[in-house]
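For reference, the structure discussed in these notes is given below.
We did not get these values from a lab; they are worked out from the coordinates using the rules stated. Quick caveat, the model's predicted, so the values are computed rather than measured. Please note: Cβ atoms are built from the backbone with ideal geometry, for glycine as well, and neighbour counts cover all protein chains shown.
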Amino acid sequence: MAVTPGNGEGQPGAEREAQPGAEREAQPGAEREAQPGADREARRAERSERRDAAAERPGVMIPSRRKRLPLEAPLMRVVATAGIIGIGVLIAAIMGSQQSKGWVIGLVVSLVSVVLAAVLWSSRRL
């Protein structure tokens with residue numbers, strides 16, 4: 001056991017025994033500072049193993065993601081863009097039937113189209 005200087009209750013030079021876990025507590029921190037990449041890689045590998053195990057579980061409600069076909073994402077964006085145009089036409093038809101001014105219809109339809117297109121094109125899933 002290691003002996004370290006202690007309180008000694010008023011006696012100069014009095015020493016006490018160190019806590020058994022004190023030396024062990026100092027060592028892991030030094031190892032972590034020496035090898036931060038190894039610790040990070042170990043955590044990353046552990047996370048990857050957990051994800052792989054979760055994806056292979058039978059009876060899971062939500063299936064794991066699969067790789068999309070090459071034309072699937074562009075086709076979905078075209079369909080969604082056509083939907084945005086359809087929404088704009090619907091808004092213009094409703095506003096036109098209500099005797100709205102042309103510039104107001106154009107302004108509302110263009111703003112709605114820009115907002116919906118921004119949401120569409122910022123999506124990672126499409």
To the nearest 0.05, what FRET efficiency results for Lys67 and Asp39 with a Förster distance of 41 Å applied to their C-beta separation? 0.85
Can you sort Met61, Met76 so the residue with the fewest Cβ neighbours within 10 Å comes first? Met61, Met76
Sequence order, segment 82-97: Karplus ³J(HN,Hα) from phi using 6.51 cos²θ - 1.76 cosθ + 1.60, θ = phi - 60°, Hz rounded, Gly and Pro as x, gives 4, x, 5, 5, x, 5, x, 5, 4, 4, 5, 5, 5, 5, x, 6
Please turn the phi angles of segment 35-45 into ³J(HN,Hα) values with the Karplus equation 6.51 cos²θ - 1.76 cosθ + 1.60 (θ = phi - 60°), one per residue in order, whole Hz, x for glycine and proline. 10, x, x, 5, 5, 5, 5, 5, 5, 5, 5
Estimated FRET transfer efficiency when R0 is 41 angstrom, pair Arg47-Leu120 (beta carbons, to 0.05): 0.85
